[in-house]
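Values quoted throughout were computed directly from the atomic coordinates according to the rules given, and no laboratory measurement underlies them. Treat the numbers as computed from the prediction; the structure is a model and nothing was measured. As a convention, Cβ positions derive from the backbone with ideal geometry for all residues, glycine included, and neighbour counts pool all protein chains shown.
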Amino acid sequence: MSKLGTTKGLKKKELENLWKEIVKKRAGYKSELSGVEGKQIGGSDSITAHHIVGKQTDHLRFLEFDNGICLVNGSEHIFGVHNKRDVVRARHYQDLIIEKIGQKRYDKLLFMRKQCSKKKTDLMAAKIFLQQKLNEA
């Protein structure tokens, strides 16, 4: 792997971590589906931020907080939404997320995915924006 590829990867990971922290902070470090409290506020479960419509574009991946929802990392995220062995369970969790956020918000995210597919995102500007948002939250 080239040095440039490594640097770019690290930069995107840093942006991803900032986005996740903003989404988790917004949710009060609780699952937005079950209300389970995360370790950050004294609970026993690990909470993660999940991209609702995926992260095909940098805009949806880093800048759109409406594309995020907090889930219990194991049961709701890994063994729920991302469950590759049980697609019925995965679809059930996706349906729960859509029910929670509303069809209007979900449709908006799907529309944005199409609209943002060709736009380039300035990653340095995105980092500054995310750092400001995290400080405001």
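Taken over region 47-66, the criterion of being more than 11 Å from K24 (Cα to Cα) and not hydrophobic (A, V, I, L, M, F, W, C) is satisfied by H51, G54, K55, Q56, T57, D58, H59, R61, E64, D66.
Those helices (runs of 4 or more DSSP H) of region 33-137 in which at least 2 residues are surrounded by 12 or more Cβ atoms within 10 Å (Cβ to Cβ) and over 18 Å from the mean Cα position of the chain (by Cα), considering only elements entirely within it, cover 87-101. Scanning region 68-85 turns up no residue that is touching a residue at least 60 places away in the same chain (Cβ under 8 Å) and of a type outside the set (S, T, N, Q). Inside region 13-32, can you point out the residues that are buried (at least 17 other Cβ atoms within 10 Å of the Cβ), under 16 Å from E136 (Cα atoms) and among the basic types (K, R)? Matches in region 13-32: K20, K24.
Here is a yes/no grid of residues against (1) touching a residue at least 24 places away in the same chain (Cβ under 8 Å); (2) of a type in the set (D, E):
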site	(1), (2)
H92	no, no
D95	no, yes
E99	no, yes
R105	yes, no
T121	yes, no
K127	yes, no
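Close Cβ contacts (under 7 Å, 6 or more residues apart or on different chains) running from residues in region 12-38 that are over 17 Å from V81 (Cα atoms) to residues that are among the polar types (S, T, N, Q) comprise L18/Q131; Y29/Q40; G38/S46.
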